[in-house]
(Lines give C-alpha, C1' and ligand atoms only; values in the text may rest on other atoms or scores of the structure.)
Protein backbone atom coordinates (compact mmCIF):
# COMPACT_ATOMS: atom_id res chain seq x y z
CA UNK A 1 0.00 0.00 0.00
CA UNK A 2 2.81 2.42 0.83
CA UNK A 3 4.38 1.90 -2.60
CA UNK A 4 1.10 2.81 -4.33
CA UNK A 5 0.84 5.99 -2.25
CA UNK A 6 4.43 6.89 -3.04
CA UNK A 7 3.92 6.32 -6.78
CA UNK A 8 0.72 8.37 -6.73
CA UNK A 9 2.52 11.25 -5.00
CA UNK A 10 5.39 11.15 -7.50
CA UNK A 11 2.96 11.16 -10.44
CA UNK A 12 1.00 14.05 -8.94
CA UNK A 13 4.19 16.08 -8.47
CA UNK A 14 5.31 15.30 -12.02
CA UNK A 15 1.96 16.33 -13.49
CA UNK A 16 2.03 19.54 -11.47
CA UNK A 17 5.53 20.35 -12.74
CA UNK A 18 4.51 19.65 -16.34
CA UNK A 19 1.42 21.85 -16.04
CA UNK A 20 3.54 24.70 -14.70
CA UNK A 21 6.14 24.23 -17.43
CA UNK A 22 3.40 24.57 -20.04
CA UNK A 23 1.95 27.69 -18.46
CA UNK A 24 5.23 29.57 -17.88
CA UNK A 25 7.46 29.93 -20.89
CA UNK A 26 11.03 31.19 -20.70
CA UNK A 27 11.76 33.17 -23.84
CA UNK A 28 14.61 35.15 -25.39
CA UNK A 29 14.45 38.83 -26.30
CA UNK A 30 13.58 38.13 -29.95
CA UNK A 31 10.46 36.23 -28.91
CA UNK A 32 9.72 38.91 -26.33
CA UNK A 33 9.92 41.60 -29.01
CA UNK A 34 7.37 39.70 -31.11
CA UNK A 35 5.05 39.56 -28.09
CA UNK A 36 5.67 43.28 -27.48
CA UNK A 37 4.63 44.06 -31.04
CA UNK A 38 1.47 41.97 -30.63
CA UNK A 39 0.36 43.93 -27.55
CA UNK A 40 1.39 41.68 -24.65
CA UNK A 41 1.64 43.23 -21.19
CA UNK A 42 5.20 43.77 -19.99
CA UNK A 43 5.99 43.80 -16.28
CA UNK A 44 9.34 45.08 -15.00
CA UNK A 45 10.07 43.16 -11.81
CA UNK A 46 13.32 44.97 -10.96
CA UNK A 47 13.85 47.38 -8.08
CA UNK A 48 12.92 51.05 -8.41
CA UNK A 49 16.64 51.92 -8.51
CA UNK A 50 17.18 49.62 -11.52
CA UNK A 51 14.28 51.17 -13.41
CA UNK A 52 16.20 54.47 -13.39
CA UNK A 53 18.38 52.82 -16.07
CA UNK A 54 15.29 52.62 -18.27
CA UNK A 55 12.34 50.33 -18.89
CA UNK A 56 10.88 48.52 -21.87
CA UNK A 57 8.40 50.73 -23.66
CA UNK A 58 4.92 50.38 -22.17
CA UNK A 59 6.05 48.21 -19.25
CA UNK A 60 4.41 48.42 -15.87
CA UNK A 61 6.77 48.44 -12.89
CA UNK A 62 5.80 45.88 -10.26
CA UNK A 63 8.71 44.57 -8.15
CA UNK A 64 8.77 40.77 -8.07
CA UNK A 65 7.85 40.62 -4.39
CA UNK A 66 4.76 42.82 -4.91
CA UNK A 67 3.13 40.94 -7.79
CA UNK A 68 0.48 39.27 -5.65
CA UNK A 69 -0.54 42.55 -4.01
CA UNK A 70 -0.69 44.39 -7.35
CA UNK A 71 -2.21 41.62 -9.48
CA UNK A 72 -5.32 43.72 -10.20
CA UNK A 73 -3.17 45.86 -12.53
CA UNK A 74 -2.43 42.81 -14.72
CA UNK A 75 -5.06 41.63 -17.23
CA UNK A 76 -5.57 37.85 -17.02
CA UNK A 77 -6.90 37.79 -20.58
CA UNK A 78 -3.70 39.08 -22.20
CA UNK A 79 -0.26 37.49 -22.42
CA UNK A 80 2.13 38.70 -19.73
CA UNK A 81 5.88 39.10 -20.24
CA UNK A 82 7.93 39.54 -17.09
CA UNK A 83 11.52 40.70 -17.04
CA UNK A 84 14.32 41.67 -14.69
CA UNK A 85 18.10 41.68 -15.08
CA UNK A 86 18.64 37.98 -15.95
CA UNK A 87 15.37 36.16 -15.25
CA UNK A 88 15.50 35.10 -11.58
CA UNK A 89 13.13 37.64 -10.07
CA UNK A 90 10.89 37.56 -13.13
CA UNK A 91 10.71 33.77 -12.77
CA UNK A 92 9.59 34.07 -9.16
CA UNK A 93 6.96 36.62 -10.19
CA UNK A 94 5.80 34.25 -12.95
CA UNK A 95 5.36 31.45 -10.41
CA UNK A 96 3.19 33.80 -8.34
CA UNK A 97 1.05 34.80 -11.33
CA UNK A 98 0.65 31.19 -12.39
CA UNK A 99 -0.52 30.25 -8.88
CA UNK A 100 -3.07 33.07 -9.14
CA UNK A 101 -4.54 31.64 -12.34
CA UNK A 102 -2.68 33.52 -15.06
CA UNK A 103 -2.26 31.19 -18.03
CA UNK A 104 -0.16 33.00 -20.65
CA UNK A 105 2.93 33.94 -18.67
CA UNK A 106 6.32 34.47 -20.31
CA UNK A 107 9.67 35.29 -18.73
CA UNK A 108 12.59 36.90 -20.51
CA UNK A 109 15.19 34.70 -18.92
CA UNK A 110 17.89 32.11 -19.30
CA UNK A 111 20.51 34.78 -18.73
CA UNK A 112 18.73 37.47 -20.73
CA UNK A 113 17.00 40.51 -19.37
CA UNK A 114 16.62 44.25 -19.62
CA UNK A 115 20.24 44.93 -20.68
CA UNK A 116 19.92 42.51 -23.60
CA UNK A 117 16.72 44.25 -24.72
CA UNK A 118 18.43 47.63 -24.45
CA UNK A 119 21.59 46.44 -26.25
CA UNK A 120 19.45 45.12 -29.11
CA UNK A 121 18.05 48.62 -29.63
CA UNK A 122 14.47 47.55 -28.89
CA UNK A 123 11.90 50.17 -27.74
CA UNK A 124 12.47 51.81 -24.36
CA UNK A 125 10.53 54.33 -22.33
CA UNK A 126 11.67 57.84 -23.18
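Give the residue that is nearest to the chain's Cα centre (by Cα), with candidates limited to residues of segment 100-121 that are surrounded by fewer than 17 Cβ atoms within 10 Å (Cβ to Cβ) and more than 15 Å from residue 75 (Cα to Cα). For segment 100-121, the residue satisfying everything is 110.
Annotation: of all residues in segment 22-31 being in a helix (DSSP H, G or I) and out of contact with any helix residue (DSSP H, G or I) (no Cβ under 8 Å at 6 or more places or on another chain), the one that is modelled with the lowest pLDDT is 22. Filtered by the rule that a residue be assigned to a loop (DSSP other than H, G, I, E, B), within 26 Å of residue 52 (Cβ to Cβ) and in contact with a helix residue (DSSP H, G or I) (Cβ under 8 Å, 6 or more places away or on another chain), segment 71-88 gives 74, 84, 85. Filter segment 98-126 down to residues that are in contact (Cβ under 8 Å) with a residue 60 or more places away in the chain and in a helix (DSSP H, G or I) and give me whichever is farthest from residue 37 (Cα to Cα). Looking at the filtered set, the residue picked out is 98.
For residue 54, the conditions (1) under 19 Å from residue 91 (Cβ atoms); (2) at pLDDT 95 or above all hold with the exception of (1).
On the basis of being part of a loop (DSSP other than H, G, I, E, B) and modelled with pLDDT of 95 or more, does residue 91 make the cut? So residue 91 fails the test.
Across segment 32-70, the qualifying residues are those that are in a helix (DSSP H, G or I), more than 13 Å from the chain's Cα centre (by Cα) and touching a residue at least 12 places away in the same chain (Cβ under 8 Å), and the one among them that is surrounded by the fewest Cβ atoms within 10 Å (Cβ to Cβ) is 48. Of the residues examined, residue 74 is not one that is modelled with pLDDT of 95 or more, surrounded by 14 or more Cβ atoms within 10 Å (Cβ to Cβ) and within 19 Å of residue 28 (Cβ to Cβ).
The values are calculated or read from the model by the stated rules, or taken from the named source; none is laboratory data. As the structure is a computational prediction, the values presented were derived from the model and not from experiment. With ideal geometry, Cβ positions are generated from the backbone for all residues, glycine too; neighbour counts draw on all protein chains shown.
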